[in-house]
Amino acid sequence: MWRADIEWHGLQIELRPGDQALADAAGISLHCEQQQDFADTAALLSKLDLVIAVETSVAHLAGAMGLPLWLLLAQPADFRWLLDRSDSPWYPSARLFRQSRPGDWGDVLQAMAQALTERWAPASASCAA
């Protein structure tokens with residue numbers, strides 16, 4: 001799923017043991033020290049082309065800011081996400097990716113990877129005129 005032509009940024013504030021090593025191995029830039037409050041997080045979010053998140057305060061902040069948001073939802077999802085929808089009346093800029101089976105993120109990540117490919121074709125796929 002990782003593409004070399006996309007920069008990945010992690011906005012998780014508190015890291016567990018081993019998270020930094022995993023992020024480094026995956027080429028994800030972490031911004032823990034740059035986030036003291038929601039204003040700092042909002043400033044970072046405003047610089048991104050797309051926010052991909054599970055249901056967290058960062059996802060809600062991005063949605064409230066009207067930023068492009070892809071939200072990965074567990075099954076069953078919280079009631080606020082309604083049923084059988086890929087959009088949200090609360091956050092018009094959000095696209096919802098839902099688990100089809102509890103605990104199985106494979107289909108969600110596959111759908112998201114396909115959507116990334118559709119939204120941003122790899123640079124090598126572009127045609128020359």
Determine, yes or no, whether Ala4 is of a type in the set (A, V, I, L, M), under 27 Å from Ala121 (Cα atoms), in a loop (DSSP other than H, G, I, E, B) and without any contact (Cβ under 8 Å) to a residue 60 or more places away in the chain. yes
Of all the helices (runs of 4 or more DSSP H) wholly in region 14-110, which have at least 1 residues that are among the β-branched types (Val, Ile, Thr)? 38-45, 57-64
Quick one: is Thr56 within 15 Å of Gln12 (Cα to Cα), buried (at least 17 other Cβ atoms within 10 Å of the Cβ) and out of contact with any Gly (no Cβ under 9 Å at 6 or more places or on another chain)? no
Do we have Leu30 as surrounded by 12 or more Cβ atoms within 10 Å (Cβ to Cβ), touching a residue at least 24 places away in the same chain (Cβ under 8 Å) and touching a helix residue (DSSP H, G or I) at 6+ places or on another chain (Cβ under 9 Å) here? no
Exactly one of these conditions fails for Ala115: (1) at pLDDT below 95; (2) outside any helix (DSSP H, G or I); (3) within 24 Å of Gln12 (Cβ to Cβ); (4) not polar (S, T, N, Q). Give me its number. (2)
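The values are calculated or read from the model by the stated rules, or taken from the named source; none is laboratory data. Here the structure is a predicted model, which is why all the values come from computation and not from measurement. With ideal geometry, Cβ positions are generated from the backbone for all residues, glycine too; neighbour counts draw on all protein chains shown.
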